[in-house]
Amino acid sequence: MQNMDIAKENLDELISIVDKASSDTRSISHNLMPPEFEKTPLTDLLQGYYSKLNRETNTRFLFISKGRGQRFPKNTELTIYRIIIEITKNILKHSKATEATIQLIYEDDGLEIMAEDNGIGIGKAATDGIGMKNIHSRVNFINGTITIDSGKKGTTFIIHVPYKNENYK
């Protein structure tokens, strides 16, 4: 690009756009499969993620992990991670929430994921969006169940992921 015959101000803008695209691509790929995922427990990854968001966004996140249940295979943990990241991105992008709480509650029969925010709720258009379809698809893939309660004072997601699952092979 630097060798192209482009005005300096246009070249600087073009380089800036390419740098941003590169940075966004790196961020997306790390969120899909964080490099440290194989060695770091899910709860530690999420704690770090929410600490970072609390420094970088106007939405305050509280992350809580309770209980000590069975461990999931890494591919299932990755699916759980992706579900939680998608919910979080929806909170940041659409909810206008100032606060959100994400809880992982390890129970005897499975993992309960609760995500609550104080935003504006989910409208009809959002329920048909790609993000919500991805969440439902991933929950179904790991034989989980999902309940969503949304109103003008916020949204709550409750997802239950059983420990026993034929997709865990």
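The values are calculated or read from the model by the stated rules, or taken from the named source; none is laboratory data. Keep in mind that this is a model prediction, so the values were computed, not measured. Reconstructed Cβ throughout: ideal geometry from the backbone, glycine too, with neighbour counts over all protein chains shown. We work out accessible area using only protein heavy atoms, side chains counted, and drop any ligands, DNA or RNA first. Shrake-Rupley method; radii C 1.70, N 1.55, O 1.52, S 1.80 Å.
Observations on the model:
- Restricting THR76, THR98, THR88 to those that are open to solvent by less than 40 Å² (accessible area, probe 1.4 Å) and in contact (Cβ under 8 Å) with a residue 40 or more places away in the chain reduces the list to THR76.
- The stretch 44-66 residues that are over 19 Å from LYS93 (Cα atoms), paired with ones that are in a helix (DSSP H, G or I) and open to solvent by 20 Å² or more (accessible area, probe 1.4 Å) (beta carbon under 9 Å, 6 or more apart): SER65/THR43; SER65/GLN47
- Some residue of the stretch 130-141 being touching a Leu at 6+ places or on another chain (Cβ under 7 Å), on the phi < 0 side of the Ramachandran plot and open to solvent by less than 70 Å² (accessible area, probe 1.4 Å): no
- Matching residues, the stretch 101-118, being of a type outside the set (A, V, I, L, M, F, W, C) and open to solvent by less than 30 Å² (accessible area, probe 1.4 Å): GLN103, GLY110, ASP117
- Filter pass, LYS20 being within 30 Å of GLN70 (Cβ to Cβ), modelled with pLDDT of 75 or more, open to solvent by 90 Å² or more (accessible area, probe 1.4 Å) and not polar (S, T, N, Q): no
- The set of residues in the stretch 142-158 that are in contact with a Ser or Thr (Cβ under 7 Å, 6 or more places away or on another chain) and open to solvent by less than 20 Å² (accessible area, probe 1.4 Å) comprises ILE142, THR155.
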